[in-house]
Amino acid sequence: MLRRLFVIGLVAAVFGSASADLRACGDKFLRIGRSARYRGYAAVHPSSILVYTPASSTPAGIKEFEALLKRAGHRPVVVENGSPLSQAFTTAKFDVVIADFADTGKIKQELQSVSSQPGLLPILNKPTKAVAAEAEKEYHCLIKLHTMSKYDALAEIDHLVELRLKGTTVPAASK
């Protein structure tokens, strides 16, 4: 009888401590926006994104960015610079439009006729101090290629979508 109690106690102690350790295993990887895969990112708010290619972009760079967005859970559609956006807006509803800061004036004009009013997320690539100051004054969320990692850019997309879901007025939408 004593031996049976000893075995039951030993089994309970071993499995009890093992289960406590197993619960903690991997907790650090389960932060919002981070996947369990090392250096991966899962979008907090998977979105439909229109990417208006910057004039200085390369086809390989755009393909890489499109693949990054897809891996994060977004649904990107790429429109070449110089192409009219009206066709893309009539065929699909977008949550976010990503474009070079130099193209935002033209894009804001086209967005006035769009009923869904997607958020506009400008890209800055090695801007002058004056251009960076102007962009930061006009837009709450920016992708800064010269200072951000690709995961920071994905987090900035989530931040813009989060602001829109909360109903926070994003400065670009009001201009």
Flag if PHE89 is part of a loop (DSSP other than H, G, I, E, B), touching a residue at least 12 places away in the same chain (Cβ under 8 Å) and buried (at least 20 other Cβ atoms within 10 Å of the Cβ): no
Failed criterion for VAL79 (all others in (1) within 20 Å of LEU165 (Cβ to Cβ); (2) under 20 Å from the mean Cα position of the chain (by Cα) hold): (1)
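Residue-by-condition table, conditions (1) open to solvent by 10 Å² or more (accessible area, probe 1.4 Å); (2) not small (Gly, Ala, Ser):
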position	(1), (2)
ALA99	no, no
GLU110	yes, yes
GLN117	yes, yes
LEU121	no, yes
LYS126	yes, yes
LYS144	yes, yes
Odd one out for ALA155, checked against (1) outside any loop (DSSP other than H, G, I, E, B); (2) within 18 Å of TYR41 (Cα to Cα); (3) free of Cβ contacts under 8 Å to residues at least 60 places away in the same chain: (3)
Meets criteria (in a helix (DSSP H, G or I), touching a residue at least 12 places away in the same chain (Cβ under 8 Å) and more than 12 Å from the chain's Cα centre (by Cα)) for VAL131: yes
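The values are calculated or read from the model by the stated rules, or taken from the named source; none is laboratory data. Just so it is clear, the model here is predicted, and its values are computed rather than measured. A quick note on method: Cβ atoms are made from the backbone with ideal geometry, for glycine too, and the neighbour counts reach across all protein chains shown. Just the protein is used for accessible areas: all its heavy atoms, side chains included, with ligands, DNA and RNA removed. Shrake-Rupley method; radii C 1.70, N 1.55, O 1.52, S 1.80 Å.
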